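**Student:** Just dropping this structure here.
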Amino acid sequence: MKRIIIALALSALSLVGGHFFNRRWDRALLFFVALLILGIVTWVLMTVGMRGATESTDAKDIFEVMSRYWTAFGSGVLILWLASLGMSYHEARRPNDTMQYRSSKSGIVAAVGLSLICGGFLLIMAVAFSGSITRMSGPVERTSTSSFRHSGLHNFQHFLSFGRGSDPSSQLPKPPVGDGYLRGRFVYAGKPVEGITLQLALNDKHETDVITTDADGVFTVRVPPGEWHVNRVMTQGWKGKPEKGDFLIVTGHEPKLGNGKYDSHFWINEQPTKIIVENAPTAPQMNFEIRDQVKLIWPPSDHKSVPGNVSNDVISWTAYPEAHEYQINVTNLKRDGNTTYYHEVMTKRLKGITQFPLSKLESVENKDSEKEYQVTVWAFAKDGTFLSSSEKYRDSVFVLKDKELVRDEERNLIPGPLDAEKLEALRSNNKRIEAIEVLLKDSLINEAQRLLGKIQGFTDPGKKKAITGYLLAKQGKCKEANHLFTEALSEASTTCVPEYYRAKCPK
């Protein structure tokens, strides 16, 4: 009986310990390998399942996929654990012939080590599952599948950046607790918004716990008084969020529409927001306004993609209140495995118009795979103040099967009538320029020179002069190189000369 109790206890604690005690190394190895295979299979299936879920704009889909596979994995571990207990009990009742032999020291070390590994894994699983059960049965602050279902917390994931900062994926320590009040306020339609859950990244080295706005729409972080810098704000959920509609958050830092294109990535060159924290509560130092997004009619924003026709389809959207001017952007999406490349087709500004026919864009015949395009619309007031946009995790997308839209920057480089052959010649030359750059980085000068000689016909003159200058600089011909660099910059505003082109030939 004593042997049975010890075997059961070791198997219960470590999955494989009882089998080592019973001198059944084959059984211990069997359950360890089964646990590994279960983990690998679950990971592969979850990876495949997540590919579809990440196409959704709703985080609930992602959480549901993760929860489903996590539960399946936990169930599989439980079945292995019960089977191990049953087999340990059976073997302990009927000792085999090997029980009379003593294990070697190396065998004991291996058995103890493997048992500790499996035991630690079981402990982690138990803690994780108990935590999941607690979150599903009690009040929830973090946006998880259970929080959407049980607390009425709706997905409201937004990432607001205030200048460059630490890697958002990195784990940052909590800020020190102090007597000061760092506060912010959320409003929607002029009224405070209660129940927004969020986190803040501070001073490029701290990240707060999940906090929630109160009945006045205010969140508070208690930190030591003094100067603080806000790098980013990450909202997660909104209890009481309207069932219908898409929303964005306006920070007040958005620039006005100027003479050129509106830059939605303005924050990259901004500095973190400086906040002066005092001992006594003051008016919120930060204010956020939730607004309705610009609603696209075609292509609709509630579909992954829709088929398009250059001759008949019209990009259209609902007029936004107080909007005087719109900026519309069409971008070509090129997918390569898990990587997506974005190539701007065109950006246009429109006053008093809420539609744009595809037929106004130049196109050529497409005999290759279908082409995918996304549409984004920004709305601005009469004085250029940013009002809203349709921009979100996945914008409205349409697909063309027999036509391909020509990018404005490409059309400007091809004089006269345009056809697919000319466009392909231009793109082939651009690819050669990219390849030459790689060769020169590796100091393969002769190969780069031969490839440069193959660039004939349509090309970006600025890029060609810049890459030729890079080649001459590598050859030590600085006078000729710098002359070409100057000409390249004067050819077109889109051409740039990276500093490493000039490394051997500084100005």
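The values are calculated or read from the model by the stated rules, or taken from the named source; none is laboratory data. These figures come from a predicted structure and were not determined experimentally. Backbone-built Cβ (ideal geometry, glycine too); neighbour counts: all protein chains shown. Note: areas computed on protein heavy atoms with side chains; ligands, DNA, RNA excluded. Shrake-Rupley method; radii C 1.70, N 1.55, O 1.52, S 1.80 Å.
**Student:** Check region 331-339 and report whether any residue there is within 29 Å of the chain's Cα centre (by Cα) and within 18 Å of Lys261 (Cβ to Cβ).
**Tutor:** yes
**Student:** Collect the residues in region 440-490 that are open to solvent by 40 Å² or more (accessible area, probe 1.4 Å), farther than 18 Å from Arg502 by Cβ and assigned to a helix (DSSP H, G or I), keeping them in residue-number order.
**Tutor:** Asn446, Glu447, Gln449, Arg450, Pro461
**Student:** Another question about this same structure. Taking the condition among the charged types (D, E, K, R) and at pLDDT 95 or above, does Arg232 pass? I'd like the intermediate steps shown before the answer.
**Tutor:** On the way: among the charged types (D, E, K, R): yes; at pLDDT 95 or above: no.
The answer is no for Arg232.
**Student:** Anything in region 246-262 that is closer than 19 Å to Asn231 by Cα and either in a loop (DSSP other than H, G, I, E, B) or modelled with pLDDT under 90 (or both)? List them, or say none.
**Tutor:** Answer for region 246-262, where residues must be closer than 19 Å to Asn231 by Cα and either in a loop (DSSP other than H, G, I, E, B) or modelled with pLDDT under 90 (or both): Thr251, Gly252, His253, Glu254, Pro255.
**Student:** A further question on this structure: Does Pro307 count as under 29 Å from Gly260 (Cα atoms) and loosely packed, with under 13 Cβ neighbours inside 10 Å?
**Tutor:** No; evaluated as a whole, the condition is false for this residue.
**Student:** Name the residue that is farthest from the chain's Cα centre (by Cα), counting only residues in region 1-28 that are open to solvent by less than 30 Å² (accessible area, probe 1.4 Å) and more than 21 Å from Leu123 (Cβ to Cβ). Can you show your working first?
**Tutor:** So the first thing to find is which residues in region 1-28 are open to solvent by less than 30 Å² (accessible area, probe 1.4 Å), and the list is 4, 7, 11, 14-20, 22, 28.
In the following step, the residues that additionally are more than 21 Å from Leu123 (Cβ to Cβ) were identified as 4, 22.
Numbers: Ile4: 52, Asn22: 50 Å.
Checking each candidate, the answer is Ile4.
**Student:** May I pose another question? Here are some residues: Glu289, Glu370. Which one is touching a strand residue (DSSP E or B) at 6+ places or on another chain (Cβ under 7 Å) and modelled with pLDDT of 95 or more?
**Tutor:** Glu289
**Student:** Among the strands (runs of 3 or more DSSP E) contained in region 326-434, which hold 2 or more residues that are of a type in the set (A, V, I, L, M) and either more than 28 Å from Lys304 (Cβ to Cβ) or open to solvent by less than 50 Å² (accessible area, probe 1.4 Å) (or both)?
**Tutor:** Ranges flagged: 339-351, 371-380, 396-400.
**Student:** From the set of residues in region 263-281 that are part of a loop (DSSP other than H, G, I, E, B) and either small (Gly, Ala, Ser) or over 18 Å from Asp204 (Cβ atoms) (or both), which is least open to solvent (accessible area, probe 1.4 Å)?
**Tutor:** Ser264
**Student:** Restricting to region 227-266, what's the tally of residues that are touching a Lys or Arg at 6+ places or on another chain (Cβ under 9 Å) and not small (Gly, Ala, Ser)?
**Tutor:** Residues flagged as touching a Lys or Arg at 6+ places or on another chain (Cβ under 9 Å) and not small (Gly, Ala, Ser) within region 227-266 amount to 14.
**Student:** Can you tell me which condition Tyr393 does not meet? The list is (1) within 18 Å of Tyr262 (Cβ to Cβ); (2) modelled with pLDDT under 95, and all the others hold.
**Tutor:** With (1) within 18 Å of Tyr262 (Cβ to Cβ); (2) modelled with pLDDT under 95 applied to Tyr393, the lone miss is (1).
Quick grid of which residues meet (1) surrounded by fewer than 19 Cβ atoms within 10 Å (Cβ to Cβ); (2) hydroxyl-bearing (Ser, Thr, Tyr):
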| site | (1), (2) |
| --- | --- |
| Ser170 | yes, yes |
| Leu182 | no, no |
| Tyr188 | no, yes |
| Asn231 | no, no |
| Gly237 | no, no |
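**Student:** Cβ-Cβ distance below 9 Å, separation of 6 or more or different chains: which pairs start in region 254-279 with a residue that is among the charged types (D, E, K, R) and end on one that is in a loop (DSSP other than H, G, I, E, B) and open to solvent by 100 Å² or more (accessible area, probe 1.4 Å)?
**Tutor:** Sorted first by the residue in region 254-279, then by its partner, the pairs are Glu270/Arg164.
**Student:** Give Thr197, Thr212 a once-over and let me know the one that is closer than 30 Å to Gly245 by Cα, in contact with a Ser or Thr (Cβ under 9 Å, 6 or more places away or on another chain) and open to solvent by less than 30 Å² (accessible area, probe 1.4 Å).
**Tutor:** Only one candidate qualifies: Thr197.
**Student:** Among Glu227, Glu243, which is the only one that is in a strand (DSSP E or B), of a type outside the set (S, T, N, Q) and open to solvent by 20 Å² or more (accessible area, probe 1.4 Å)?
**Tutor:** Step by step, each of Glu227, Glu243 is checked, and only Glu227 is in a strand (DSSP E or B), of a type outside the set (S, T, N, Q) and open to solvent by 20 Å² or more (accessible area, probe 1.4 Å).
**Student:** Under 6 Å by Cβ, and 6 or more places apart or on different chains, what pairs join a residue from region 373-402 that is closer than 15 Å to Lys334 by Cα with one that is open to solvent by less than 20 Å² (accessible area, probe 1.4 Å) and hydroxyl-bearing (Ser, Thr, Tyr)?
**Tutor:** Filtered contacts from region 373-402: Gln374/Thr331; Val375/Ser396; Asp395/Thr376; Phe398/Tyr373.
**Student:** Out of all the residues in region 29-60, which are open to solvent by less than 20 Å² (accessible area, probe 1.4 Å) and either farther than 18 Å from Ser115 by Cβ or modelled with pLDDT under 75 (or both)?
**Tutor:** Passing the criteria: Ala53, Ala59.
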